[in-house]
Amino acid sequence: MKLRTFRIGGIHPEENKITAEVATKVAALPTQAIFPLSQHIGAPAKPVVAKGDKVKVGTLLAEAGGFVSAPIYSSVSGTVLKIDNAVDATGYRKPCIIVKVEGDEWEESIDRSDKLETVAAHPELTPEEIVNRIKVAGVTGMGGAGFPTFIKLCPPPGAKAECVIINGVECEPYITSDYRLMMEHADEILVGLDLLMKAAKVDKGYIGIEDNKPEAIRLLEEKTANNPNVEIVPLAKKYPQGGEKQLVDAVIRRQVPAPPAIPVNVGAIVQNVGTAFAVYQAVMKNKPLFERYTTVTGKKVANPGNFLVRMGTPMKELIDFCGGMPEGDNKVLAGGPMMGKALTSTEVPVCKGTNSITILTDSDARRKRPQACIRCAKCVSVCPMGLEPFLLATASSMHNWEKVEQEDITSCIECGSCQFTCPAHRPLLDNIRLGKTTVMGIIRARNAKK
Ligand code: SF4
Ligand code: SF4
């Protein structure tokens, strides 16, 4: 059988999934936890605690700062030390709430039992109630951008959801946290999908998984064998299949138009498996989003693995638990080697979007000297968005913002496929990111004036 995949571009980087069969461990509590107020797309959260306040696991620390925003909850019990600026994974100092950890006392409202709840057993859960619980719990997309989940469940005027697609692709090299989650919590993910389908008022759900995870495909197929509303879709391995638009194309054969169009404009609501799990916990267990699955990996890491981590834990503590920083020059990434962000400090905390800490050796991370473009068009042929990366990168480097806007730079999903494939080692993505950020700022300013 020919496996489905997306139709434009794509590459096949080395997988290096060295932690795939390492069962998840619960990470140790940190000595102090750092909670950035901006862990999502949209307005930063606004603190509701002050220095000296006592908090428990699950206590609200900061409320949503606007419609597109999300609250932040404490993952630890202890005392609020201060609200101050601290470096986060972006490399910038940003407002954070810092809590000194004392014991491990949880809010009593959180159901900590392992009993599996089902949607059928809870008829009181209306679509509106599900959306509200997801919003109150601070659930955001856990596979990348960190968009507040409740907003995706409320399509804009003119758009109508027809299905929910769960993203179990995990196409980024090295990362295995989603795979472990599927293997260890398939039942909860499936209830999470049921909740998302009910909230979106659709009766069709899909879970897209690449065929390099045959055990996860088999397990989920077994568990959904008698459910005609849910289809497990094995996909051919290709990067960046985990991109929302690529996944929609692969699973339901519809192409999402250029921004501002989003998947729901073609009928699909896409959520990551981690988000489906968080939705289950938020709605069924009254558990706010304060911990997540994270991979700590790298070829030279002594004991790489997958961890259930309290958010706010400094990444250094996880790296130390895995045997410490390998000798030599290393590059530490929040995320994987294709889309991850290089860290300036390992003191930065694990946040809602931290799916991996990847430590690359100097030889893996070292870039080759860029040479002149040989006009081979390889970057064009691999671009999953049908863009002309060499043109965008050149125009961006010349600060020709009008040109890059015309050439649709805002459609770039920053997958890095162009840079990965360029035989002349051009820093295409670096320049495209500069252009995209600038053009998006220009568009925002223009819209604000209107
Ligand atoms: S892949 Fe590199 S060398 Fe080839 S056209 Fe693109 S920028 Fe030029
Ligand atoms: S980074 Fe942007 S331009 Fe480059 S291949 Fe990905 S989508 Fe295309």
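The values are calculated or read from the model by the stated rules, or taken from the named source; none is laboratory data. Quick caveat: nothing in here was measured; it's all calculated off a predicted structure. A quick note on method: Cβ atoms are made from the backbone with ideal geometry, for glycine too, and the neighbour counts reach across all protein chains shown.
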Tabulated pairs, region 375-400, first β-branched (Val, Ile, Thr), second in a loop (DSSP other than H, G, I, E, B) and more than 8 Å from ligand 1 (Cβ to nearest atom), C-beta under 7 angstrom, 6+ apart or interchain: Val380/Glu388; Val382/Gly9; Val382/Gly10
Residue list for region 80-93, restricted to those being exposed (fewer than 15 other Cβ atoms within 10 Å of the Cβ) and of a type outside the set (Gly, Ala, Ser): Lys82, Asp84, Asn85, Thr90, Tyr92, Arg93
Answer residue from region 329-388, given it is acidic (Asp, Glu) and surrounded by 13 or more Cβ atoms within 10 Å (Cβ to Cβ) and is nearest to ligand 1 (Cβ to nearest atom) among those: Glu388
Residue match in region 157-169 (condition: within 16 Å of Ala200 (Cβ to Cβ), in a helix (DSSP H, G or I) and at pLDDT 95 or above): no
So Ile134, is it hydrophobic (A, V, I, L, M, F, W, C), in contact with a strand residue (DSSP E or B) (Cβ under 9 Å, 6 or more places away or on another chain), on the phi < 0 side of the Ramachandran plot and assigned to a helix (DSSP H, G or I): yes
Conditions (1) over 25 Å from the mean Cα position of the chain (by Cα); (2) away from ligand 1 (no atom under 16 Å from the Cβ); (3) modelled with pLDDT under 95; number of the one not met by Gln406: (3)
Selection from region 161-187 of residues that are surrounded by fewer than 22 Cβ atoms within 10 Å (Cβ to Cβ) and of a type outside the set (A, V, I, L, M, F, W, C): Glu162, Pro173, Glu184, His185, Asp187
Selection from region 207-264 of residues that are among the basic types (Lys, Arg) and either outside any helix (DSSP H, G or I) or crowded, with 24+ Cβ neighbours inside 10 Å (or both): Lys213, Lys237, Lys238, Lys245, Arg253, Arg254
Matching entry among Glu108, Glu124 (being out of contact with any helix residue (DSSP H, G or I) (no Cβ under 6 Å at 6 or more places or on another chain), part of a loop (DSSP other than H, G, I, E, B) and over 25 Å from Asn227 (Cβ atoms)): Glu108
Residue that is touching a residue at least 12 places away in the same chain (Cβ under 8 Å), of a type in the set (A, V, I, L, M, F, W, C) and crowded, with 18+ Cβ neighbours inside 10 Å, where the choices are Val48, Val26, Val101: Val101
Entirely in region 359-450, the helices (runs of 4 or more DSSP H) that have 2 or more residues that are more than 15 Å from ligand 2 (Cβ to nearest atom): 362-365, 401-406, 428-449
